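The values are calculated or read from the model by the stated rules, or taken from the named source; none is laboratory data. In this text, all values refer to a predicted model and were calculated from it rather than measured experimentally. Don't worry about glycine lacking a Cβ; one is built from the backbone with ideal geometry, like all the others, and counts go over all protein chains shown. Surface areas here come from the heavy atoms of the whole protein model, side chains and all, with no ligands, DNA or RNA. Shrake-Rupley method; radii C 1.70, N 1.55, O 1.52, S 1.80 Å.
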Amino acid sequence: MRQPKSFIQLMNSLHDEKSCREFLETHRWHGMPKCPHCNHESKGHYKLSRNGEFNGLYKCRNCKKTFTVTKGTIFERSNVPLKSWFYTIHMLLSHKKGISSIQLSKDIGITQKTAWYMLQKIRCNLNGELEDLLDSYDGIVQVDETYVGGKTKGKIWQNQGRSLKQKVPVVGLLTEDKVNSFVVTDTSGNTLKALIYALIKPASIVVTDGWKGYKGISNMYDHKIVNHNKGSYKNKEGYHTNGIEGFWSMLKRGIKSTYHVVSHKYLQMYCDEFSYKYTTRKMGEIERLVLFISKKHRQITHSMLTGGYG
């Protein structure tokens, strides 16, 4: 079978639930079915049939428990077809501005509530994916903070600059090929330095603006400062923070144009979504899909999402 070159070609080749399941088995197991209960890998796991037909149900040779390829994934116990799940993952991770739950519900013929739940389950699994992709930062690292959200209500000053009356602070770290962003309580020196010291290797070049919260990191790093308040966007040595500023623009445009309003409770999930898209931006559509479905997933219930998760 010829390898599909585009997502459309892939979808055309996955014409039913069986072919979707086999695609998932190929990329999660690589020809060696793995029991999620005891982690035993074997080509000899028993295939259980019903009415003479095998539908992906296995029995472990080791622990004797049954399982399918969707066990322990975001697809487990879902009534939504795998093909619709693949489409959702593609739309969320491949499109710069993502997709709203309302639009997704129309595209695949489900309720808006189910579409929202699917998108949130994917977002909840992006943080672990980023950890695998990122490791620690070194080389030249741009660090910056921004403020997200907040419709102008009451006095204008309450929604300007570093005011936390209606906005939420987010800190980002960016290198040439990767980015991550973190919702924080404030942008004080203690908060910023805790992130920098934990994630950036000592002796790296760290480029920031002139915010006082970064003062003191030169003890461990080669600290380059770009004084934006003086109208400068590049220092004398040529260092800048244009990359992280561009990422902030992408994040804010996506939230404003597609999601409109994101609550503080879920903001980290959306930051993970845009960080993941930036970090995997050089991947092909199918490569990105395969990367996500082949990894271990966190089990997220509806009550975890609506009851305070994230």
Task: Residue list for segment 166-224, filter: farther than 24 Å from G238 by Cβ, of a type outside the set (A, V, I, L, M, F, W, C) and in a strand (DSSP E or B) - done: P169, N180, S181
Task: Residues of segment 177-186 that turn out to be open to solvent by 10 Å² or more (accessible area, probe 1.4 Å) and either of a type in the set (S, T, N, Q) or touching a residue at least 40 places away in the same chain (Cβ under 8 Å) (or both), as a count - done: 6
Open item on the list: Only one of Y197, Y266, Y233, Y214 is open to solvent by 30 Å² or more (accessible area, probe 1.4 Å) and touching a Gly at 6+ places or on another chain (Cβ under 9 Å). Can you tell me which?
Closed with: Y266
TODO: Take the residues in segment 20-71 that are closer than 30 Å to R2 by Cβ and aromatic (F, W, Y), then tell me which one is farthest from the chain's Cα centre (by Cα).
DONE: F54
Open item on the list: Take the residues in segment 25-78 that are in a loop (DSSP other than H, G, I, E, B), among the charged types (D, E, K, R) and in contact (Cβ under 8 Å) with a residue 24 or more places away in the chain; name whichever of them is least open to solvent (accessible area, probe 1.4 Å).
Closed with: E76
Task: Where G98 falls short, out of the listed (1) farther than 27 Å from K34 by Cα; (2) open to solvent by 20 Å² or more (accessible area, probe 1.4 Å); (3) in a loop (DSSP other than H, G, I, E, B) - done: (2)
TODO: Please state which of the following conditions Y87 fails to meet, knowing it meets all the rest: (1) open to solvent by less than 30 Å² (accessible area, probe 1.4 Å); (2) closer than 27 Å to I255 by Cβ; (3) aromatic (F, W, Y).
DONE: (1)
- [ ] Among the residues of segment 243-281, write down those that are assigned to a helix (DSSP H, G or I) and without any contact (Cβ under 8 Å) to a residue 12 or more places away in the chain.
- [x] G246, S249, K256
